[in-house]
Every structure is written in structure tokens, then in C-alpha cells.
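Asker: Can you read through this structure? Questions will come right after.
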There are 2 protein chains.
Amino acid sequence: MNTQPIQNYYPDELSYCYGCGRLNEHGHQIKSYWQGEETVARYMPKDYHIAIPGYVYGGLIASLIDCHGTGTAALASYKAEEREPDTLPAFRFVTASLQVDFLKPTPLGVELELRGKIVELKGRKVISEITVSANNEICARGKVVAVQMPENFMNQDK
Amino acid sequence: MNTQPIQNYYPDELSYCYGCGRLNEHGHQIKSYWQGEETVARYMPKDYHIAIPGYVYGGLIASLIDCHGTGTAALASYKAEEREPDTLPAFRFVTASLQVDFLKPTPLGVELELRGKIVELKGRKVISEITVSANNEICARGKVVAVQMPENFMNQDK
């Protein structure tokens with residue numbers, strides 16, 4: 001199985017996402033890849049990503065879940081078609097809805113680990129569940145409904 | 001009615017939130033205030049807050065909803081007690097859960113308007129519904145369950 005980050009294969013014109021675009025120099029540039037049956041991404045929050053002192057800002061956690069959810073959707077879609085991510089047509093998803101439950105305060109200063117599982121893959125829609133852990137403890141849990149980007153979005157940027 | 005932003009009254013030690021802390025120089029510094037029966041906040045996304053070119057990053061939208069939801073919760077709590085926000089004890093909320101539905105792509109380059117309505121205020125929990133509009137069109141809709149910050153969080157930072 002290809003264990004390279006899916007974001008490395010996004011077309012250049014769709015690689016400026018603040019959360020996961022490899023070409024957005026201001027953004028988080030998260031990378032989502034397979035590890036067994038789960039998808040994984042890691043992110044080290046900046047020291048200013050705080051909610052209250054010592055804890056990670058919930059909006060950042062929601063952002064990471066969002067992007068890892070769309071990355072997970074793309075990874076799952078290639079896998080379902082038994083295609084490598086460098087083959088065409090490219091899969092690129094946007095978020096239709098996002099649910100985040102903040103289970104406990106997330107400590108700042110440690111790398112966060114996101115793990116994704118596919119709940120449903122049907123047509124152009126992929127639903128995934130994502131956990132966010134710090135020090136091997138799950139601090140937040142999310143659900144992302146991702147839909148394949150409309151063709152006209154992809155075409156207009158080419 | 002006091003129409004000043006609630007974030008102006010947060011205690012200094014709880015004013016470093018990346019989304020709404022007035023003392024976080026890297027953050028969004030959003031301001032939530034009453035306008036009639038609704039709460040309002042405005043934010044102009046930066047040009048690098050993109051999802052795909054021309055549209056606002058969903059993680060930013062989720063972040064703004066999150067912070068405006070906790071601000072709305074604090075505003076509603078003072079109102080329920082018929083207290084001004086410069087009176088003690090201070091109300092400061094954290095997010096327990098966040099739901100965001102992205103209804104249509106949000107254009108980049110215009111100021112976003114968030115509007116909040118109280119759905120439920122019960123004990124230490126406040127539920128609000130938040131819309132995000134661009135050019136007077138609702139692009140995203142969120143629901144925030146906010147809970148009053150535990151006393152030990154507030155005490156340990158004093």
C-alpha cells in the first residue's frame with residue numbers, strides 16, 4: 001500500500017488550502033497517510049495556538065479534523081478503486097459538514113496525532129471519524145462528511 | 001443594553017485565545033456583541049485563508065463559529081442575570097461540541113458576518129446557533145454547545 005501523504009498528490013492548483021495545502025506557506029500543511037486500516041496525520045501546534053494558557057485552541061483542532069477528513073476521503077476513494085494517488089482522475093474533497101466533540105482539554109506543547117476511520121463511502125460522499133490525541137490520550141473526536149469537489153471547481157482552476 | 005464586545009471584558013489571563021483573545025497578537029481577535037436579540041461578529045479573512053482559490057478555508061469558518069459561540073454564551077449569561085459584563089464573577093465559556101454545515105462555498109475577499117441566536121441556556125451550558133454570511137448570503141451554519149469554564153481553570157491562571 002502507498003503510505004505517502006495524499007496531499008503530495010493534490011493537483012498544484014488545489015494545493016493552497018490553509019489547512020493542508022503543500023503550497024500555502026502560511027498554512028498548517030498537514031499530511032494524511034495510511035497506517036494499516038487507519039489514516040494518520042500529525043501536527044505540532046504553535047505556541048500561540050492557545051485557548052486558555054496551556055491548552056490548544058479548539059478552532060485549530062476543528063481545522064485539523066476538517067482537513068484530515070477530506071484527506072482521508074481522498075485516500076479511501078483511491079483505495080476503493082484500487083488506484084494509486086498519482087493516477088487520474090484526481091480525487092479532491094470538500095467538507096459538507098463537520099462535528100467535533102471536545103472531550104478534554106488538549107495540552108499545548110506536544111505533537112497531536114489524528115487518526116481517521118472510514119464510516120461510509122458511497123458515490124461522491126465519504127464519511128469519516130477522526131480522533132485527536134495528545135500524549136496517547138484522545139482529547140477530541142470528530143466526524144467529517146466530505147463530498148467530492150464539483151468538476152467545475154476543478155476545471156475553472158486549470 | 002451594553003453593545004460592547006464581550007471579549008473586551010474577559011479577564012486578561014483568559015484573553016489569549018487564538019480566535020478571540022484581544023491579547024493574542026497572532027490570532028483573529030474576533031469581537032462578539034449584541035445587536036437586538038442577536039449577537040454579531042465580523043471578520044475579514046486574510047488572503048491566505050483559502051480552501052481552493054477564491055474561497056474561504058472551512059477550518060477558519062469553524063474557528064469563527066466556535067469563538068463566536070463561546071462569546072455568545074457569555075453575553076447571554078450576563079443578560080440572563082441582568083448583569084453588566086464588567087461585574088464579577090466573570091463568565092468565560094469553553095466549547096463542548098461544535099457542528100458546522102457548509103451550505104455553499106464562501107467567497108474570499110469580503111468581510112464575513114456571524115450572527116448568533118441562543119437556543120438554550122441552562123445551568124452552566126449554553127447552546128447557540130450561528131450563521132456565517134458573505135455578501136448577505138448565508139454560507140455556513142453552526143451549532144455550539146458551550147459550557148462555563150471550570151473554576152479551577154480560572155483560578156489556576158490567576
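Asker: Listed residues A:T72, A:T106, A:T87, A:T131; which is out of contact with any strand residue (DSSP E or B) (no Cβ under 7 Å at 6 or more places or on another chain), hydroxyl-bearing (S, T, Y) and more than 10 Å from every other protein chain (Cβ to nearest Cβ)? Break it down into steps so the answer makes sense when it comes.
Answerer: Numbers: A:T72 fails: out of contact with any strand residue (DSSP E or B) (no Cβ under 7 Å at 6 or more places or on another chain); A:T106 fails: out of contact with any strand residue (DSSP E or B) (no Cβ under 7 Å at 6 or more places or on another chain); A:T131 fails: out of contact with any strand residue (DSSP E or B) (no Cβ under 7 Å at 6 or more places or on another chain).
Sole residue among the options that is out of contact with any strand residue (DSSP E or B) (no Cβ under 7 Å at 6 or more places or on another chain), hydroxyl-bearing (S, T, Y) and more than 10 Å from every other protein chain (Cβ to nearest Cβ): A:T87.
Asker: Among the residues of the range B:96-116, which ones are under 16 Å from the mean Cα position of the chain (by Cα) and surrounded by 14 or more Cβ atoms within 10 Å (Cβ to Cβ)?
Answerer: Taking the range B:96-116 as the starting set, the residues that turn out to be under 16 Å from the mean Cα position of the chain (by Cα) are B:96-100, B:111-116.
Of everything in the range B:96-116, those that are under 16 Å from the mean Cα position of the chain (by Cα) and surrounded by 14 or more Cβ atoms within 10 Å (Cβ to Cβ) turn out to be B:A96, B:S97, B:L98, B:Q99, B:V100, B:L112, B:E113, B:L114, B:R115, B:G116.
Asker: Give the range A:12-35 a look and list any residue that's touching a residue at least 12 places away in the same chain (Cβ under 8 Å) and either farther than 16 Å from B:G54 by Cα or in contact with a Cys (Cβ under 6 Å, 6 or more places away or on another chain) (or both), or say none.
Answerer: Across the range A:12-35, the qualifying residues are A:G19, A:C20, A:R22, A:H28, A:Q29, A:I30, A:K31, A:S32, A:Y33, A:W34, A:Q35.
Asker: When residues of the range A:14-41 are filtered for being outside any loop (DSSP other than H, G, I, E, B) and over 16 Å from A:L75 (Cα atoms), how many remain? It would help to see each step written out before you state the result.
Answerer: At the first step, the residues of the range A:14-41 found to be outside any loop (DSSP other than H, G, I, E, B) are A:14, A:33-35, A:38-41.
When the remaining residues are screened for being over 16 Å from A:L75 (Cα atoms), the result is none.
Counting residues in the range A:14-41 that are outside any loop (DSSP other than H, G, I, E, B) and over 16 Å from A:L75 (Cα atoms) gives 0.
Asker: Quickly run through the range A:1-13 and pick out the residues that are in a helix (DSSP H, G or I) and either at the interface with chain B (Cβ under 8 Å from one of its Cβ atoms) or buried (at least 22 other Cβ atoms within 10 Å of the Cβ) (or both).
Answerer: Within the range A:1-13, the first condition is being in a helix (DSSP H, G or I), and the residues that meet it are A:6-9, A:12-13.
Correct list: A:I6, A:Q7, A:E13.
Asker: For the range B:48-68, does any single residue satisfy the condition of being more than 10 Å from chain A (Cβ to nearest Cβ) and at pLDDT 95 or above? Quick ask: steps written out before the conclusion?
Answerer: First pass over the range B:48-68, keeping only residues more than 10 Å from chain A (Cβ to nearest Cβ): B:68.
Next, only the ones that are at pLDDT 95 or above stay: B:68.
Yes, that holds for at least one residue.
Asker: Open to solvent by 10 Å² or more (accessible area, probe 1.4 Å), without any contact (Cβ under 8 Å) to a residue 60 or more places away in the chain, more than 14 Å from chain B (Cβ to nearest Cβ) and assigned to a loop (DSSP other than H, G, I, E, B): is that true of A:E82 in this structure? Walk me through how you get there before you give the answer.
Answerer: Numbers: open to solvent by 10 Å² or more (accessible area, probe 1.4 Å): yes; without any contact (Cβ under 8 Å) to a residue 60 or more places away in the chain: yes; more than 14 Å from chain B (Cβ to nearest Cβ): yes; assigned to a loop (DSSP other than H, G, I, E, B): yes.
In short, yes.
Asker: Right, another one. For a quick check of your reading of the model, give me the residue pairs whose first member lies in the range A:64-77 and is free of Cβ contacts under 8 Å to residues at least 60 places away in the same chain, whose second is buried (at least 24 other Cβ atoms within 10 Å of the Cβ) and part of a helix (DSSP H, G or I), with beta-carbon atoms closer than 7 Å and at least 6 apart or on different chains.
Answerer: That search, which allows pairs on different chains as well, returns A:C67/B:G59.
Asker: Which residues, taken from the range A:18-44, are open to solvent by less than 10 Å² (accessible area, probe 1.4 Å) and in contact with a helix residue (DSSP H, G or I) (Cβ under 8 Å, 6 or more places away or on another chain)?
Answerer: Matches in the range A:18-44: A:G19, A:C20, A:G21, A:I30, A:S32, A:T39, A:A41.
The values are calculated or read from the model by the stated rules, or taken from the named source; none is laboratory data. Just so it is clear, the structure is predicted and the values come from calculations on it, not from any experiment. Heads up, the Cβs are rebuilt from the backbone with ideal geometry, glycines too, and the neighbour counts pull from every protein chain shown. Areas reflect the complete protein model, heavy atoms only, side chains present, ligands, DNA and RNA absent. Shrake-Rupley method; radii C 1.70, N 1.55, O 1.52, S 1.80 Å.
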